[in-house]
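Reviewing the structure listed below.
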Amino acid sequence: QVQVVESGGGLVQPGGSLRLSCAASGSGFEINTMGWYRQAPGQQREMVASIQRNDTAIYKDSVKGRFSISRDNAKNTVYLQMSSLKPEDTAVYYCYASYAYYYSEFVHRSWGQGTQVTVSS
């Protein structure tokens, strides 16, 4: 199974920036889509941004223009650059990777354990 590990969360003041990283590891697979969800206390998990292998990206409306997602296919890594952060961005951010093994068309999804992002003065 593909393992996904996030890093880069922390505490930042409103208006500040953070960069999250997420790496997928394993063998015998190819990743299609990677992305980020977030979950604030008492809220449902929501999609933040995702990026396909061809670099096509989509964003949650409230983060457009502030967040940027990118990926390095050679490293099976995805990044989320977050700028102009707001207190409402505070949440646990979860990375995922959608992938298929070379011998199969079945698509799997693996999730990371999450990284806390807190935006507060």
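The values are calculated or read from the model by the stated rules, or taken from the named source; none is laboratory data. From a predicted model like this one, the values you see are computed outputs, not experimental measurements. Glycine also receives a Cβ, built like all others from the backbone with ideal geometry; neighbour counts cover every protein chain displayed. Keep in mind that these areas ignore ligands, DNA and RNA; they rest on the heavy atoms of the full protein, side chains included. Shrake-Rupley method; radii C 1.70, N 1.55, O 1.52, S 1.80 Å.
Using a 1.4 Å probe on the protein chains only, how many percent of the accessible area of the chain belongs to carbon and sulfur? Could you put the intermediate results ahead of the total?
Numbers: 2940 of 6570 Å².
Here it works out to 45 percent.
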### Summary
Expressed in square angstrom to the nearest 10, the accessible area of E30 with a 1.4 Å probe stands at 90 Å²
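Test of understanding: express the Cα radius of gyration of the chain as a ratio to 2.2 N^0.38 Å, with N the residue count. Write out the running numbers ahead of the final one.
Details: Rg = 14.2 Å, N = 121, 2.2 N^0.38 = 13.6 Å.
Taking the Cα Rg and dividing by 2.2 N^0.38 Å, one obtains 1.05.
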### Query
Dipole size in debye (nearest 20) for the chain around its Cα centre, Lys and Arg Cβ +1, Asp and Glu Cβ -1?
160 debye
### Message
What is the distance in Å between the Cα centroid of the stretch 51-76 and that of the stretch 23-49?
### Response
11 Å
## Note on the structure
Note to self: with every protein chain in place and a 1.4 Å probe, the chain gives an accessible area per residue in Å² of 54 Å²
